[in-house]
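Below is one structure; the comments refer to it alone.
The values are calculated or read from the model by the stated rules, or taken from the named source; none is laboratory data. Just so we're clear, the structure is a prediction, and the values are computed from it rather than from any experiment. Here the Cβ positions follow ideal geometry from the backbone for every residue, glycine too, while neighbour counts run over all protein chains shown.
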Amino acid sequence: MLLRVFLFFLLLFSGAVALAAPCAVPVVVVSGITLSGNETTKKQVMLRELTFSPGDSILTEDLEALLLDNQKRLFNLRLFHHVNYTYTCDAGNLQIAYEVQERFYLYPVPIFDFADRNFAAWLEKKDWSRIDYGLNLVQKNFRGRNEEVRVRVQRGFNKRLELAYRIPYIWRKYNLGADFAVADYRSRTISYTNSNNRQYFLEEEEGGLPIKRTSVSGALIHRQNVQRQQGLRLSFHNEHISDSVTLLNPSYYGNGQQERQYMRAELFKVINLRNNFAYPLAGSYFEAGVAQTFFLDKTGTPFTTARAKYVKYIPLSAKYFYMAGAEGQLRLAGEYAFADNIALGYRSYVRGYELYVVGGQHYGLFKQGLTRQLLDIKSIRIKFIDNPKFNNIPLSVFLNGFTDAGYVVDNTFEKGNPLTNQLLVGGGLGLHVVTFYDIVLRGEYAINREGDKGFYFSARFPF
């Protein structure tokens, strides 16, 4: 992610164009579909996303909306810089053409990142030893089939080795795809407890590693299209902590255990109807999942986790947009380990509480925002770069006012953590920049209910 930010500032020193011959009949028949610009991407990858095919009849009054919706489907594959379409009508016969500009698909991403939950948490310590570095090699659109291969070699404060492979279709007849991943993680430090909703860390002497994790996972995914997917994921995990951790917090894994193995089965569903997956301004997003965790050799108590998220994006005018959404989690178990007591403060959080962690078994989170588009440049041409995959940079800038609210239920580890079991409220004003290769940069000034104020930086869409 930091490399993507770097490329943006280095390159800084797409739109849809529809040309049409009007159809004079009330119903047209698709006589042909042509594709151009897809030098790497296989034709069938694009055709499978379209909601029409040769021989279909279409009401003329619905034609523009249909072609625009399919243009968005192709663009949200995240394989192209832009997708344009044209069509011609001849005696009720419709010829449709989509033209794309492909992205660059193979790139090494140097890792230079902060070892903490977010930039604000690292900035509070300003410890330059808490840096991760390495290489993340990504091959998108592998074999031109929208497959993805990732190899991550990370050193520094947190050591990580990962290999992942995703294939959209392994059984085309039933729209079944799959993904597989293996990972090994080792860290020089571990957050062994929370107090006053702050993490307390243990760092072993002489290069010891207080925590080690390995995992293997695989998923079978029913992929209707880029917008609708559901599937089943199975994973195996092995985790080990040092005896120092169990002495400081016997509840970390429970009963003073240093090691545990478990399997997890998860059913999930995603319906992504956003107009733009990187920075949506219209549409909706829904995801839900339920997972069951089974521990092997009596190394833990089984638990069930259910989660759901829904967000609505509403264009108010050409320049103003509103977003509102909620997400929640329920975790049910006979006994809870501290390691699994994760709620707000990690990937999900109330803005204004970036420096805090609020652990718990259940949580609810609500976010809303009003956005004003300040700048929308379809393309900045970089003349000294000849490659069209890099020499046209879109740039959009948005002013965003937001309010967030959240609540965490913790009946096990709430002692000494006053933000648990109470309403959390935050709000503020932010500037969002959206550009090259789906880069989203957010700078936000926020204040929370406790009166804490701060400026926070992030590199992903807020919700």
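Looking at segment 146-172, which of the residues that are basic (Lys, Arg) and crowded, with 17+ Cβ neighbours inside 10 Å is nearest to the chain's Cα centre (by Cα)? My answer is Arg166. Restricting the search to strands (runs of 3 or more DSSP E) fully inside segment 239-338 and requiring at least 1 residues that are more than 30 Å from Ala459 (Cα to Cα) and out of contact with any Leu (no Cβ under 7 Å at 6 or more places or on another chain) gives 259-272, 283-295, 320-333. Being of a type in the set (A, V, I, L, M, F, W, C) and surrounded by fewer than 17 Cβ atoms within 10 Å (Cβ to Cβ) is the filter here; which residues of segment 184-208 pass it? Result: Phe201, single match. Arg331 meets all of the listed conditions (1) among the charged types (D, E, K, R); (2) surrounded by fewer than 16 Cβ atoms within 10 Å (Cβ to Cβ); (3) over 26 Å from Leu429 (Cβ atoms) but one, namely (2). Against the definition (out of contact with any Ser or Thr (no Cβ under 9 Å at 6 or more places or on another chain) and assigned by TED's automatic domain parsing to the domain that holds Arg172), how does Ser251 come out, yes or no? The answer is no for Ser251. Residue count for segment 87-121 satisfying the condition of being among the aliphatic types (A, V, I, L, M), outside any loop (DSSP other than H, G, I, E, B) and modelled with pLDDT of 75 or more: 7. Taking the criterion of being outside any helix (DSSP H, G or I) and modelled with pLDDT under 95, would at least one residue in segment 3-11 satisfy it? No. Checked against (1) at pLDDT 90 or above; (2) closer than 23 Å to Ile342 by Cα; (3) outside any strand (DSSP E or B), Arg213 meets all criteria but (3).
Thr293 meets the conditions (1) surrounded by 18 or more Cβ atoms within 10 Å (Cβ to Cβ); (2) within 30 Å of Phe75 (Cα to Cα); (3) not aromatic (Phe, Trp, Tyr) in every case but one. The failed one is (2). The C-beta contact set for segment 368-385 (first residue loosely packed, with under 13 Cβ neighbours inside 10 Å, second residue modelled with pLDDT of 95 or more and not in a strand (DSSP E or B), distance under 7 angstrom, 6+ apart or interchain) is empty. Regarding segment 344-360, can at least one residue be identified that is over 30 Å from Tyr437 (Cα atoms) and exposed (fewer than 15 other Cβ atoms within 10 Å of the Cβ)? No - not one qualifying residue is present in segment 344-360.
Looking at (1) of a type outside the set (Phe, Trp, Tyr); (2) modelled with pLDDT under 95; (3) buried (at least 19 other Cβ atoms within 10 Å of the Cβ), find the lone condition where Val25 falls short. Val25 satisfies every listed condition except (3). Take the conditions (1) farther than 22 Å from Glu444 by Cα; (2) under 23 Å from the mean Cα position of the chain (by Cα); Ala405 misses just one of them, which is (1).
Residues in segment 377-400 include at least one that is farther than 23 Å from Leu281 by Cα, hydrophobic (A, V, I, L, M, F, W, C) and either under 26 Å from the mean Cα position of the chain (by Cα) or not assigned by TED's automatic domain parsing to the domain that holds Ser251 (or both).
Each row is one residue, and each column tells you yes or no for (1) of a type in the set (A, V, I, L, M); (2) farther than 16 Å from Asp452 by Cβ.
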| residue | (1), (2) |
| --- | --- |
| His362 | no, yes |
| Leu375 | yes, yes |
| Ala405 | yes, no |
| Val425 | yes, no |
| Leu431 | yes, yes |
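Step by step: first the residues of segment 49-75, then only those that are surrounded by 12 or more Cβ atoms within 10 Å (Cβ to Cβ) and in contact with a Lys or Arg (Cβ under 8 Å, 6 or more places away or on another chain), then the one that is farthest from Lys140 (Cα to Cα). Which residue is that? Checked segment 49-75; the qualifying residue farthest from Lys140 (Cα to Cα) is Leu50.
Determine, yes or no, whether Leu63 is of a type in the set (A, V, I, L, M, F, W, C) and touching a Phe, Trp or Tyr at 6+ places or on another chain (Cβ under 7 Å). The answer is no for Leu63. Gly345 falls short on exactly one of the conditions (1) within 23 Å of Phe402 (Cβ to Cβ); (2) more than 20 Å from the chain's Cα centre (by Cα), and that condition is (2).
Residues being more than 29 Å from the chain's Cα centre (by Cα), under 10 Å from Ala337 (Cα atoms) and surrounded by 17 or more Cβ atoms within 10 Å (Cβ to Cβ): count how many of those fall in segment 241-271. Result for segment 241-271: 2. Quick check, is Ala219 within 22 Å of Tyr165 (Cβ to Cβ) and crowded, with 17+ Cβ neighbours inside 10 Å? Against the criterion (within 22 Å of Tyr165 (Cβ to Cβ) and crowded, with 17+ Cβ neighbours inside 10 Å), Ala219 qualifies.
Results for (1) of a type in the set (Val, Ile, Thr); (2) part of a loop (DSSP other than H, G, I, E, B), shown as yes or no for each residue.
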site: Thr420; (1), (2): yes, yes
site: Leu431; (1), (2): no, no
site: Tyr437; (1), (2): no, no
site: Ile447; (1), (2): yes, no
site: Gly451; (1), (2): no, yes
site: Phe457; (1), (2): no, no
site: Arg460; (1), (2): no, yes
